[in-house]
1. Which distance in nm do the two modelled labels at Ile616 and Glu544 give, with both placed 7 Å along the Cα-to-Cβ direction?
2. Let me know the shape class of segment 542-658, please: from the alpha-carbon gyration tensor, a ≥ b ≥ c as square roots of the eigenvalues, rounded when a/c is under 1.5, otherwise prolate if a/b is greater than b/c, or oblate.
3. Given 37 °C and 0.692 mPa s, compute D for the chain with the Stokes-Einstein relation, Rh being the Kirkwood radius over Cα pairs; round to the nearest whole µm²/s.
4. Compute the whole-percent fraction of alpha carbon pairs in segment 1-159 spaced more than 25 Å apart.
5. Considering the dipole of the chain built from charges on the beta carbon (Lys and Arg +1, Asp and Glu -1) around the Cα centre, which of Leu384, Ile598, Pro325 is farthest to its positive end?
6. In nanometres, what is the gap between the two model label sites at Asp105 and Gln521, each 7 Å from Cα along Cα-to-Cβ?
7. Starting with the highest mean, order 408-418, 461-471 by the number of other Cβ atoms within 10 Å, averaged over the residues of each peptide.
8. By DSSP, what percent of the beta bridges with both residues in the chain are antiparallel, rounded to the nearest 5?
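The values are calculated or read from the model by the stated rules, or taken from the named source; none is laboratory data. Note that the structure is predicted; figures quoted are calculated from it, not measured. Here the Cβ is made from the backbone with ideal geometry for all residues, glycine too, and neighbour counts use every protein chain on show. Side chains included, ligands, DNA and RNA excluded: accessible areas come from the protein's heavy atoms. Shrake-Rupley method; radii C 1.70, N 1.55, O 1.52, S 1.80 Å.
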Amino acid sequence: MVLDEDGSLVATDKVFSTPADPAAAVREALGHLDPAIVSGAHLLHGSTVATNALIERNGVRIGLIVTRGFRDIVFLQRQDREEMYDLKLVKPRPLVEREDVYEVDERLDARGGVIRELDEASVRTALERMRADGITSVAVSLLHSYANPAHEQRIAEIASETAPEIRLALSSQSAREFREYERTTTTTIDAFLRPRIAEYIGRLADDASASGMSSLQVMQSNGGMVPAETAALNPLTMLRSGPAAGVAGAIAVAQAAGIGDIVTMDMGGTSTDVAVIRDGRADLTSESTADGLPLRVPMVDIVAVGAGGGSLVDIDSGGLLTVGPRSAGASPGPVSYGRGGTQITVTDANVVRGLLRPEVFLGGTRTLDRDAAVAAMRPLAERLGRTVEGLAEDIYRLASVHMSTALRMTTTERGYEVSEYTLCAYGGAGALHAAAVAEELGIERVIIPPYNGLASAYGLLTAGFRREFGRTNLVAVDELDDAALGALTEDLRTESLARLAAEGVDLREERIQFSADMRYQGQGFEVLVDFPSGADQSIAELREQFEAVHLRRYGYLDPGKGIQLVTLRMTLTMEPPAVALPRVDIDPTLPRATQTLIEGERPVEAAFVPRRALEIGEALSGPAVVEDDTSTTFVPSGWRAVVDEQTNIILEREGATR
């Protein structure tokens, strides 16, 4: 998507992803544009490269340096388990092999005091052995280094002197927080991703430069943008880069429409990502998992479910229909794409139902083979005693139920009433299933942005610079006064600004906000509490805000217990240049059609309308299909579509009063 500075749409394009070389798809898309448009432009990029590399375990062999006596920390893991009664449970495999874990002599106490100085000879021995084994990326996670990073920093100095070709990931930079297993695993993920991300970002930057572009910026998992060089140095921040871009776009669309509380549904080819936006802000989390491994990195709190357009359809061992989590991917893709796919997907079901018309798919640039999809579905339909059309309806509804489940996890299961939210649907397939998901959840309004198949692309334009920093302190609130709290925040601020300066980040009109992970002493987990910064810092107010958050989350307070500040966090943001959101270029003269589609297993006549043909204020009752070059919107019976002032499509239940 290419926008002028005033927000007017210059060009759009959509190409198949290229898993073997993700940068190739970007090169292809840039090659479709007029060179005059590309020259001097800024390239803003969001990607799932880091996530895919981790899931596929597609990376280099890594090493790990730990304090002597802690060699097995990533293998012992935690005693908790997702499936309590599964006797065959296999815990996630660490990214490092045991033979590649090296111990060094040193020891710090929990407050960072030196019990045993670092034995530099043991460090050199470990580096020499890893070098001989061909290991080029190493994680360093020493006991209590969150409290004192000096020993880790000295290891980095020794490595730069004796083995400069080895990349190091230090836990005191990757995740400066306590809990040794989580911190160490996070650091191994960092080390695993560094070579792949550095190569990818470097190649993309070269391509952008060769095309005459002026800069490259990358979306992070926290919903903020950073220069390409910063992203390459911090690959952990890219693990949810692509989905976070979509959330940023959804927030901008909702705010422009005057809507504060939304749940997002980004349905792509492999999965659907959902998130919650309250008062225009996305929920963030610093605790998540990646391929089953714990991860301690601030990111938009996104829940993913394996239900996308390319999700594979099958029958399980009990004879029940299943959708996902495996996907046909971009290659070979759905059967109807005619690219070699042989297994049925959700997209094939939508083609059979008539929701996707072969002659107008992706603006007519691609064709769909409905007959091939029908032929592929017939054997499965016969096994289930269904017609092909009935099976297509079942697949559609089952995929919608999977997405509804993910939305309940982010709202109802956290104490929020999902029916009070507006659903914002985007991604290539989101608008096809939006009304069905809303129906399942009792949601009465859906907003579908212009060019919603490219929502993540214009989300990049609305996001400003953002970086998160954290540091475990473990101090009782009763031991702090306002001055001591100010000293802690100033220390983190100074340290963080120095790191940004070392990365070459040019700060301008930055905004800094502090928060803290806090708990009652003796609790195992913390709650995140925002508090004023600068001269407004107050221990009394911090205590009050903790109690308010704890009461809302858990429903009780314990006045007799001491309160503990665990991890101090700092968020630094810079606002992006003001950019108007894209609008649909309306042309009411475009031709409309009436065709048959399958709804409720019955053929019904439905209106097929180009999205550009819908005028502001126009209402379209279902059943109807609205088509554009990047996505398709289905308006089922009992629903209507209305175009608002920003050219969003608003889906509402017929007769809704909201």
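1. So the two model labels end up 4.4 nm from each other.
2. Values: a/c = 3.81, a/b = 2.14, b/c = 1.79.
Cα axes put segment 542-658 in the prolate bin.
3. Working: Rh = 26.6 Å.
Answer from the Stokes-Einstein relation: 124 µm²/s.
4. On the way: 7081 of 12561 pairs.
Cα-Cα pairs of segment 1-159 separated by over 25 Å account for 56 percent.
5. In the chain, that residue is Leu384.
6. With each label point 7 Å from Cα toward Cβ, the separation is 3.7 nm.
7. Numbers: 408-418: 14.3, 461-471: 21.3.
By packing density, highest mean first, the sequence is 461-471, 408-418.
8. Details: 76 of 105 bridges.
Around 70 percent of the beta bridges assigned by DSSP in the chain are antiparallel ones.
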